[in-house]
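One structure below.
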Amino acid sequence: MEILLLIFLPLAGALISSLFGERQQVKTLAFIWSLLSLGLTAYLLSVFNPESSAPQFVVDHSWLSYYGIRFKAGIDGISMIVVLLTNGLMPLIILSSFKHTYKRPGSFYALILLMQSALLLVFTALDAFLFYIGWEASLIPIYFICAIWGGENRIKVNMKFFIYTFAGSLIMLLGIIYLHLQTPDKSYDLQAFYDLSLSTAEQGWIFWAFFLAFAVKMPVFPFHTWQPDTYTEAPTTGTMLLSGIMLKMGIYGAIRWLIPVAPLGFAEWGQFALILSIIGVVYASIIAFTQKDVKRLVAYSSIAHVGLIAAGIFAWNTNGLQGAMIQMINHGINVFGMFFVLDIIIRRLHTRDSFEMGGIAKVAPQLAIAFLIIILGSIALPLTNGFIGEFLLLFGIYQYNIWASLIAGLTIILGAVYMLRLYQRVMLGPTNALTLGFKDIDGTEKLVLGVVCALIIIIGVYPNPILHISEATVKALVDMVDGKVHGISTTF
């Protein structure tokens, strides 16, 4: 019952919000509704047993029984991490939009809550067809958010984003249908997929069918080309949804569906996927150096950070996966904070060119301090949230291959250089005619950035509670896949 409430509570909020039309008060309603979801998540976390690797709060109802489709959903340690991220970040995303006045606000906030519902369905589904429904449903609201409220080139950019993601999804659907037909009772159940004994050749093409869909969503090199343009042209709220939460669908999908369902395919192609991930780390970091558009710089930085997470997953060991778990939360917090700070600056200065900025720290010291804390978290300074995540990821990659870890580690060095250079350009130096009258943060801006900075420091100092949530499930999943690859009988 709790899972049904978790999934459908935002959907109810979306339906109510859509009735508000042009009334700006809907933003307050959407914020309160997101707090209800956060409260429910807090309750689920309080009664969740992290020592168990099995799904909890499971709901399993017959739905389209003739086709073997059931409404089956639940939460284990891996799901809990992304549910916590989704419902924890959503109130901040909505609150960060309060300084904007959107046309048709009822539709705008309804689409945000609809996307939240679809994301939660993806992160809790234990039926492959249900997972696919959530996967596709999440694309609809973000498409319209970007297409209606985006920038000047939004139509062209948004179409590219849609084609990339929809094409990858269709290939994944073929893989899901094939797996369904191989199950003894023609089921879409996740455990039934885990229990299949397919040949190496079959698992090889299943691996690619899922990998293409997940690689586009993360995105992994060379499937990333839609991302910088989309992040730049999307309204800032849309960019936050895409970077903070939506790309975690690909990371989650690789951990939950890709590797456990096709372990022999992973054994054959996993190294290639890891190499692509590391190439993305270096490539995106180098491209970030050349960017003067602040949103594009952060977009390429996100590709580099997610490439490191992907490499940690494809290294496939406990340290790499635990690093991916906590770094999903850390990346969501940090990239949201980055885009929010940039939104404040762009809204006041009406430019995204970093060379036209400068000296903002002199006139907006509170914003400068918050921006510095967020950047330090992004470059993984010890005692900030990014440190433990990137340490575990690199350690996991090191256990796989020392040279891979050395190359992947460039993201920390390069990231520190271009992020600190961004801070220097924007915040330091003398003020100019554009920045002289810059106003410091106030109201909801202070509240949002205060929460973000507190989370960066708290998680950096004491990350163990988050790591403990996923530990048992991660270990069980690693053992199951390793057992299948090496011919050892194990269960999940």
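The values are calculated or read from the model by the stated rules, or taken from the named source; none is laboratory data. This is a predicted model, so every value here is computed, not measured. Cβ atoms come from the backbone with ideal geometry, glycine included; neighbour counts cover every protein chain shown. Remember, those area values only see protein heavy atoms, side chains included, never the ligands or the DNA or RNA. Shrake-Rupley method; radii C 1.70, N 1.55, O 1.52, S 1.80 Å.
Report whether or not Leu45 is surrounded by 13 or more Cβ atoms within 10 Å (Cβ to Cβ) and either within 24 Å of His100 (Cβ to Cβ) or modelled with pLDDT of 90 or more (or both). In short, yes.
Has the stretch 82-90 got at least one residue that is among the small types (Gly, Ala, Ser) and either more than 19 Å from the chain's Cα centre (by Cα) or open to solvent by 10 Å² or more (accessible area, probe 1.4 Å) (or both)? Yes. Scanning the stretch 1-32 for residues that are of a type outside the set (S, T, N, Q), open to solvent by 40 Å² or more (accessible area, probe 1.4 Å), modelled with pLDDT under 90 and farther than 16 Å from Tyr43 by Cβ yields Leu19, Phe20, Glu22, Arg23.
For the condition at pLDDT below 90, within 18 Å of the chain's Cα centre (by Cα), of a type outside the set (Phe, Trp, Tyr) and crowded, with 24+ Cβ neighbours inside 10 Å, Ala254 does not qualify.
Give me the pairs: first residue in the stretch 132-158 and closer than 22 Å to Ser17 by Cα, second residue outside any helix (DSSP H, G or I) and open to solvent by 60 Å² or more (accessible area, probe 1.4 Å), beta-carbon distance under 8 Å, and six or more apart or on different chains, which are they? Note: pairs meeting the criteria are Ile148/Arg104; Trp149/Lys103. Within the stretch 96-106, take every residue that is touching a helix residue (DSSP H, G or I) at 6+ places or on another chain (Cβ under 6 Å) and open to solvent by 10 Å² or more (accessible area, probe 1.4 Å) and give me the one that is nearest to Leu44 (Cα to Cα). Only one residue fits best here, namely Phe98. Please find, within the stretch 61-81, the residue that is surrounded by the fewest Cβ atoms within 10 Å (Cβ to Cβ) out of those that are of a type in the set (D, E, K, R) and farther than 18 Å from Leu9 by Cα. Filtering the stretch 61-81 for residues that are of a type in the set (D, E, K, R) and farther than 18 Å from Leu9 by Cα, the one surrounded by the fewest Cβ atoms within 10 Å (Cβ to Cβ) comes out as Arg70. May I ask you to verify whether Glu136 is surrounded by fewer than 22 Cβ atoms within 10 Å (Cβ to Cβ), of a type in the set (D, E, K, R) and within 17 Å of the chain's Cα centre (by Cα)? Against the criterion (surrounded by fewer than 22 Cβ atoms within 10 Å (Cβ to Cβ), of a type in the set (D, E, K, R) and within 17 Å of the chain's Cα centre (by Cα)), Glu136 qualifies. Select from the stretch 359-379 the residues that are among the hydrophobic types (A, V, I, L, M, F, W, C) and under 14 Å from Val461 (Cβ atoms) and write down the one among them that is surrounded by the most Cβ atoms within 10 Å (Cβ to Cβ). Residue satisfying both the conditions and the ranking: Leu376. Being in a helix (DSSP H, G or I), open to solvent by 40 Å² or more (accessible area, probe 1.4 Å), out of contact with any Ser or Thr (no Cβ under 7 Å at 6 or more places or on another chain) and in contact (Cβ under 8 Å) with a residue 12 or more places away in the chain is a description that does not apply to Phe336.
Listed by first and then second residue, the pairs with beta-carbon distance under 7 Å, at least 6 apart or on different chains, first residue in the stretch 273-288 and closer than 10 Å to Gly307 by Cα, second open to solvent by 10 Å² or more (accessible area, probe 1.4 Å) and among the β-branched types (Val, Ile, Thr), are Ile278/Ile407; Val282/Ile407. In the condition set (1) within 17 Å of the chain's Cα centre (by Cα); (2) among the polar types (S, T, N, Q); (3) farther than 22 Å from Met328 by Cα, Gln203 is compliant with all but (1). A count restricted to the stretch 9-24 and to residues that are more than 18 Å from Leu89 (Cα to Cα) and of a type in the set (A, V, I, L, M, F, W, C) stands at 5. The set of residues in the stretch 437-464 being of a type in the set (Asp, Glu) and surrounded by 14 or more Cβ atoms within 10 Å (Cβ to Cβ) consists of Asp440, Glu445.
For the stretch 383-398, check the following and say yes or no: at least one residue is out of contact with any strand residue (DSSP E or B) (no Cβ under 9 Å at 6 or more places or on another chain), open to solvent by 60 Å² or more (accessible area, probe 1.4 Å), assigned to a helix (DSSP H, G or I) and without any contact (Cβ under 8 Å) to a residue 24 or more places away in the chain. Scanning the stretch 383-398, I find at least one residue that is out of contact with any strand residue (DSSP E or B) (no Cβ under 9 Å at 6 or more places or on another chain), open to solvent by 60 Å² or more (accessible area, probe 1.4 Å), assigned to a helix (DSSP H, G or I) and without any contact (Cβ under 8 Å) to a residue 24 or more places away in the chain, so the answer is yes.
Of the candidates Ile69, Ile78, the single residue that is in contact with a strand residue (DSSP E or B) (Cβ under 7 Å, 6 or more places away or on another chain) and either free of Cβ contacts under 8 Å to residues at least 12 places away in the same chain or among the hydrophobic types (A, V, I, L, M, F, W, C) (or both) is Ile69.
For the stretch 147-240, the helices (runs of 4 or more DSSP H) that sit wholly inside it and include 1 or more residues that are closer than 17 Å to Phe131 by Cβ are 154-182, 190-194, 200-217.
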